[in-house]
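I have placed the structure first, in the form of structure tokens, so that the comments after it can refer back to it.
The values are calculated or read from the model by the stated rules, or taken from the named source; none is laboratory data. Every value quoted in this text rests on a predicted model; they were computed, and no experiment measured them. Backbone-built Cβ (ideal geometry, glycine too); neighbour counts: all protein chains shown. The protein model used for the area step is the full one, side chains on, heavy atoms only, and it has no ligands, DNA or RNA in it. Shrake-Rupley method; radii C 1.70, N 1.55, O 1.52, S 1.80 Å.
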Amino acid sequence: MTALAAPPTAPEKDGPPQPPPGKRLRKGGAGRTMKGGWLSYLILGFALLLSAFPFYWTIVTASRSNADMAKVPPSLLPGPNLIKNFEQVLEEADIGKALLNSLIVSSSITIGTVLCCTLAGFAFAKLKFKGRNALLTLTIGTMMIPPQLGVIPLFMLIAELQWVNQLQAVILPGLVSAFGVFFMRQYLVQSLPDELIEAARVDGASTARIFWSIVIPIARPGMAVLGMLTFMTAWNDFFWPIIALSSQEPTVQVALRQLGGGYVNDQSVIMAGTLLGTLPVLLVFGLLGRQIVGGIMQGAVKG
């Protein structure tokens, strides 16, 4: 007797089930991407337009005259007066010196803050010493103190040191920030494994060698994020520079105060100066943008 042949079965396909035609499969979990539909792109496009419109409006205002912007409704297209307004900005304020001073101040504060906060964050995250938690709590607690409370004693200190109207009076108070220490501490807790430090200890590496050879390469994305935030904060700071500096040694924000003077403020000239003061920040973001996005994404995956 011959055995009956089993009916043929459809071959099994490897992998997850395929979605019906015309529909996208949404996936979740680590390492998987979720493809959005048209509504997601519509919301993102609207958010992009809403975020970019202030910068576009600055360009429009800077390229037109004050009379053009007083019309109702105002023009929404750039005009022909951009170069003319730039020239007037250079005549009314020493914007070139202000840009140089702001670049020196912001770069110095950024470099000092990134290095000092990374070193302190590494100590709080991975080194064991007496009073570590108490010092970290005290550092975080200083963020709740309004900076305006320290203006008078700080000014008395720089006056005693004869630093008034000098750039170091603006640079030194901003070389370390409590936010930067806490930020780098949290980043290194997640990104720096203890086993890597222990292996370096076994190989005879000192703490300084571990910091320069292991910690800094791993912390580079977080340092880029902190550097961008610090540079923007230092570049846009107006409160302390207007107290410590004068119009003869201004930063950009102090120099912008001198623009558009008269019976009626010339908004076109003010916006032209604002546009000049914004370009270096955009340049820094363009240089560090990839590191910033990489640091944010790495923190999101590890968090």
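A few remarks follow.
- Selection count, the stretch 91-114, where residues are open to solvent by 30 Å² or more (accessible area, probe 1.4 Å) and more than 16 Å from the chain's Cα centre (by Cα): 8
- Test: residue in the stretch 123-133 that is surrounded by 14 or more Cβ atoms within 10 Å (Cβ to Cβ), among the aromatic types (Phe, Trp, Tyr) and either more than 28 Å from residue 185 (Cα to Cα) or touching an Asp or Glu at 6+ places or on another chain (Cβ under 6 Å) (or both): no
- Residues that are open to solvent by 60 Å² or more (accessible area, probe 1.4 Å), closer than 20 Å to residue 136 by Cα and of a type in the set (A, V, I, L, M, F, W, C) number at least 2 in the following helices (runs of 4 or more DSSP H) confined to the stretch 148-213: 178-191.
- Filter pass, residue 218 being assigned to a helix (DSSP H, G or I), without any contact (Cβ under 8 Å) to a residue 40 or more places away in the chain and surrounded by fewer than 20 Cβ atoms within 10 Å (Cβ to Cβ): yes
- Neighbours by Cβ (under 9 Å, 6+ apart or cross-chain): first from the stretch 64-80, closer than 18 Å to residue 265 by Cα; second among the acidic types (Asp, Glu): 65/266; 66/266; 74/68
- Long-range neighbours under 6 Å by Cβ, at least six apart or interchain, first residue farther than 20 Å from residue 197 by Cα within the stretch 125-145, second among the small types (Gly, Ala, Ser): 139/178; 142/178; 143/178
- Inspection of the stretch 251-260 finds no residue satisfying the criterion of being open to solvent by 80 Å² or more (accessible area, probe 1.4 Å), within 16 Å of residue 105 (Cβ to Cβ), at pLDDT 80 or above and not in a helix (DSSP H, G or I).
- Matching residues, the stretch 83-129, being part of a helix (DSSP H, G or I) and of a type in the set (D, E, K, R): 84, 87, 91, 92, 97, 126
- Residue among 49, 77 that alone is outside any helix (DSSP H, G or I), at negative phi and at pLDDT 55 or above: 77
- Scan of the stretch 172-218 for residues that are over 30 Å from residue 157 (Cα atoms) and of a type in the set (S, T, N, Q), ordered by number: 186, 190, 191, 206, 207, 213
- Cβ separations smaller than 7 Å between residues 6+ apart or across chains give the following pairs from the stretch 153-181 residues that are modelled with pLDDT of 90 or more to residues that are open to solvent by 50 Å² or more (accessible area, probe 1.4 Å) and not in a helix (DSSP H, G or I): 158/164; 169/163.
- Here 137, 110 are screened, and the one residue that is in contact with a Ser or Thr (Cβ under 8 Å, 6 or more places away or on another chain) and modelled with pLDDT of 90 or more is 110.
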